[in-house]
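Student: If you scroll down you'll find the structure; I have some questions about it.
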């Protein structure tokens, strides 16, 4: 297979923790040819969707997860996306208009040229990583999405202890806890909503966050048997690894398995080959579809080869 990774620049990869690198390394181990580009390199020429891509190979000792450089790349050259066996959209958020434009271009490549894109671009756009939980209310703690300050204040008064966050945040950015005393509630609402211009998500605070914000991976409609519990450190309320959380791999609980078994076939049928569910305690909090991570941590702590499971699923999807 020839595989194109649409991702951040290879030079910025931190391979010791990068899930996209884990995919690349497993694909290379199987003898597949690797190419990379950034969303900015995509172009519609009036006929084809093409990109200036770099063919690259992984170099150095695979056991050295902090080696640099870790790849050798050829000069970039234009290629049509239809020429690749698979195109993997692995660009990290933010999910801004340029990200949306990239999915539109990938859509054209899919529909007009028969390119094989994973995750499916339309499915990425259709699943807001915060709002997608609304399709599965049986697994969701009390939640409100609005830009109405009065509604947010009333939700706080009802629940007493809440989390507020933006709908387009990542890595724990912009996440606030407001306890029963309501300290700074008005200021937080004004800032997150930009004085009523943007919608905000409010959720009842789930005390089980102290045990970790669990990442549950779904691959090809099947759950990885381990989650990564990202445990807040110190006085933090955020478990995100980017916010300093400590990652601890653990077997899925019965509730995790119930959530995964319900969501996995639905999401896979929509063209979402890889999904990262977030759960705190018994509650589903997010459905991540843009660039789900945590492969490396689970692999290193449990020995379960998440990357191999992913490439197996990719081979099955490509046929």
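The values are calculated or read from the model by the stated rules, or taken from the named source; none is laboratory data. Because the structure is predicted, anything quoted here is derived from the model rather than measured. Ideal geometry is used to build each Cβ from the backbone, glycine not excepted, and the neighbour counts take in all protein chains shown.
Student: Determine if segment 21-28 includes at least one residue that is in a loop (DSSP other than H, G, I, E, B) and buried (at least 17 other Cβ atoms within 10 Å of the Cβ). Write out each step before concluding.
Tutor: The initial filter retains those residues of segment 21-28 that are in a loop (DSSP other than H, G, I, E, B), namely none.
Looking through segment 21-28, none of the residues is in a loop (DSSP other than H, G, I, E, B) and buried (at least 17 other Cβ atoms within 10 Å of the Cβ).
Student: Here's a follow-up. Go through the residues of segment 238-247 one by one and say whether even a single one is closer than 22 Å to residue 87 by Cα and touching a strand residue (DSSP E or B) at 6+ places or on another chain (Cβ under 6 Å). Steps first, please.
Tutor: Filtering segment 238-247 down to residues closer than 22 Å to residue 87 by Cα leaves none.
The answer is no; no qualifying residue exists.
Student: Suppose we filter 193, 187 for residues that are over 18 Å from residue 286 (Cα atoms), in contact (Cβ under 8 Å) with a residue 12 or more places away in the chain and either crowded, with 17+ Cβ neighbours inside 10 Å or over 26 Å from the mean Cα position of the chain (by Cα) (or both); which single one remains?
Tutor: 193
Student: So which residues in segment 118-177 are farther than 26 Å from residue 292 by Cα and touching a residue at least 60 places away in the same chain (Cβ under 8 Å)?
Tutor: The answer is none; no residue qualifies.
Student: Within segment 33-50, count every residue that is more than 23 Å from the chain's Cα centre (by Cα), free of Cβ contacts under 8 Å to residues at least 60 places away in the same chain and closer than 16 Å to residue 116 by Cα.
Tutor: Matching residues across segment 33-50 total 2.
Student: Let me ask you something else. Here is a list of conditions, (1) under 16 Å from residue 18 (Cα atoms); (2) in contact with a strand residue (DSSP E or B) (Cβ under 8 Å, 6 or more places away or on another chain), and residue 311 meets all of them except one; can you say which number that is?
Tutor: (2)
Student: Anything in segment 51-68 that is without any contact (Cβ under 8 Å) to a residue 40 or more places away in the chain and part of a loop (DSSP other than H, G, I, E, B)? List them, or say none.
Tutor: The answer is 59, 60, 61, 62, 63, 64, 68.
Table: residues versus (1) modelled with pLDDT of 95 or more; (2) closer than 27 Å to residue 172 by Cβ; (3) assigned by TED's automatic domain parsing to the domain that holds residue 296; (4) touching a helix residue (DSSP H, G or I) at 6+ places or on another chain (Cβ under 7 Å).
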site: 15; (1), (2), (3), (4): yes, yes, no, yes
site: 28; (1), (2), (3), (4): yes, no, no, no
site: 31; (1), (2), (3), (4): yes, no, no, no
site: 46; (1), (2), (3), (4): no, no, no, no
site: 51; (1), (2), (3), (4): yes, no, no, yes
site: 54; (1), (2), (3), (4): yes, no, no, no
site: 76; (1), (2), (3), (4): yes, no, no, no
site: 87; (1), (2), (3), (4): yes, no, no, yes
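Student: Hey, another quick one. What is the one condition in (1) surrounded by fewer than 20 Cβ atoms within 10 Å (Cβ to Cβ); (2) without any contact (Cβ under 8 Å) to a residue 40 or more places away in the chain; (3) farther than 13 Å from residue 44 by Cβ that residue 92 does not satisfy?
Tutor: Failed condition: (2).
Student: Do we find a residue being farther than 30 Å from residue 114 by Cβ, under 18 Å from the mean Cα position of the chain (by Cα) and crowded, with 19+ Cβ neighbours inside 10 Å anywhere in segment 260-275? Even if it seems obvious, please write down each step before you answer.
Tutor: Just the residues of segment 260-275 that are farther than 30 Å from residue 114 by Cβ, to begin with: 260-262.
Going one step further and asking which of them are under 18 Å from the mean Cα position of the chain (by Cα), we end up with 260.
Still in the running and crowded, with 19+ Cβ neighbours inside 10 Å: 260.
Yes, segment 260-275 contains at least one residue that is farther than 30 Å from residue 114 by Cβ, under 18 Å from the mean Cα position of the chain (by Cα) and crowded, with 19+ Cβ neighbours inside 10 Å.
Student: Counting only residues that are part of a strand (DSSP E or B) and either closer than 30 Å to residue 254 by Cβ or assigned by TED's automatic domain parsing to the domain that holds residue 261 (or both), which one in segment 190-216 is modelled with the lowest pLDDT?
Tutor: Taking segment 190-216 and keeping what is part of a strand (DSSP E or B), we get 200-204, 213-216.
From what is left, the residues that are either closer than 30 Å to residue 254 by Cβ or assigned by TED's automatic domain parsing to the domain that holds residue 261 (or both) are 201-204, 213-216.
Values: 201: 97, 202: 97, 203: 97, 204: 97, 213: 94, 214: 97, 215: 97, 216: 98.
So, considering only residues that are part of a strand (DSSP E or B) and either closer than 30 Å to residue 254 by Cβ or assigned by TED's automatic domain parsing to the domain that holds residue 261 (or both), the one modelled with the lowest pLDDT is 213.
Student: Might you check whether a residue that is over 18 Å from the mean Cα position of the chain (by Cα) and farther than 17 Å from residue 60 by Cβ occurs anywhere in segment 10-31?
Tutor: yes
Student: Could you check segment 70-88 and list, in sequence order, the residues that are in contact (Cβ under 8 Å) with a residue 24 or more places away in the chain, outside any strand (DSSP E or B) and either surrounded by fewer than 17 Cβ atoms within 10 Å (Cβ to Cβ) or in contact with a strand residue (DSSP E or B) (Cβ under 6 Å, 6 or more places away or on another chain) (or both)? Outline the logic, then answer.
Tutor: Narrowing segment 70-88 to residues in contact (Cβ under 8 Å) with a residue 24 or more places away in the chain: 70-71, 73, 76-88.
Still in the list and also outside any strand (DSSP E or B): 70, 76, 81-85.
Within segment 70-88, 76, 81, 82, 83, 84, 85 qualify.
Student: When segment 157-189 is examined, which residues are found to be closer than 27 Å to residue 241 by Cα and not in a loop (DSSP other than H, G, I, E, B)?
Tutor: Of everything in segment 157-189, those that are closer than 27 Å to residue 241 by Cα and not in a loop (DSSP other than H, G, I, E, B) turn out to be 162, 163, 164, 165, 166, 176, 177, 178, 185, 187, 188, 189.
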